[in-house]
1. Checking the condition on the phi > 0 side of the Ramachandran plot, surrounded by 15 or more Cβ atoms within 10 Å (Cβ to Cβ) and modelled with pLDDT of 95 or more, which residue from Gly52, Gly42 passes?
2. Please enumerate the residues belonging to region 1-28 that are surrounded by fewer than 18 Cβ atoms within 10 Å (Cβ to Cβ), in contact (Cβ under 8 Å) with a residue 12 or more places away in the chain and either under 11 Å from the mean Cα position of the chain (by Cα) or in a helix (DSSP H, G or I) (or both).
3. If Ala71 passes every condition in (1) within 13 Å of Ala10 (Cα to Cα); (2) part of a strand (DSSP E or B) but one, which one does it miss?
4. Do you know which residues across region 29-43 are assigned to a helix (DSSP H, G or I) and under 20 Å from Ala81 (Cβ atoms)?
5. Inside region 95-114, can you point out the residues that are closer than 19 Å to Gly64 by Cα and either among the acidic types (Asp, Glu) or part of a loop (DSSP other than H, G, I, E, B) (or both)?
6. Taking only pairs six or more apart or across chains, which ones have beta-carbon atoms under 6 Å, a first residue in region 73-102 that is surrounded by 12 or more Cβ atoms within 10 Å (Cβ to Cβ), and a second residue that is among the aromatic types (Phe, Trp, Tyr)?
Amino acid sequence: MNTCNCTSYAAWALWRNGYRVDWFIAGSMDAWNWPNVARRHGIPLGSTPRVGAVAVWPERGKFGHLAVVTAVHGNGTFDVAEYNLPGSRPKFAFDRRTAVSPDDVTFVYVPRRS
């Protein structure tokens, strides 16, 4: 997870907000692989956005893309905070998107630290 990439931002946001990060596997945390690693550690996945979940787009860019869900709306869309959205300029920048469609997204429901 390189600095200023979507994965490093999500890892920081999870840790900062009290979620578990002990399930990460060094060298295996490209965005497209987060659901696989989570599944191996018994962390639930789903298709419904929840605040605090990690939204994963495995087919975005070479390594996939992920973001942290910050709000969920009644119409099923959700807001995210993220770094380095593929195709955006400038690269390696923080941004927020609103009213994101849950289509083709896998959500990783990381539990809080105990």
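The values are calculated or read from the model by the stated rules, or taken from the named source; none is laboratory data. Just so we're clear, the structure is a prediction, and the values are computed from it rather than from any experiment. Note that we place each Cβ from the backbone using ideal geometry, even for glycine, and neighbour counts take in every protein chain shown.
1. On the way: Gly42 fails: surrounded by 15 or more Cβ atoms within 10 Å (Cβ to Cβ).
Checking each option against the conditions leaves just Gly52.
2. Once the filter is applied, which keeps residues that are surrounded by fewer than 18 Cβ atoms within 10 Å (Cβ to Cβ), in contact (Cβ under 8 Å) with a residue 12 or more places away in the chain and either under 11 Å from the mean Cα position of the chain (by Cα) or in a helix (DSSP H, G or I) (or both), region 1-28 yields only Ser8.
3. (1)
4. If the condition is that a residue be assigned to a helix (DSSP H, G or I) and under 20 Å from Ala81 (Cβ atoms), then Ala31, Trp32, Trp34, Pro35, Ala38 are the ones that fit.
5. First, pick out the residues of region 95-114 that are closer than 19 Å to Gly64 by Cα: 95-97, 100-110.
Selection gives Asp95, Ser101, Pro102, Asp103, Asp104, Val105, Tyr109, Val110.
6. Listed pairs, sorted by first residue: Tyr83/Tyr9; Tyr83/Phe94; Asn84/Phe92; Val100/Phe78.
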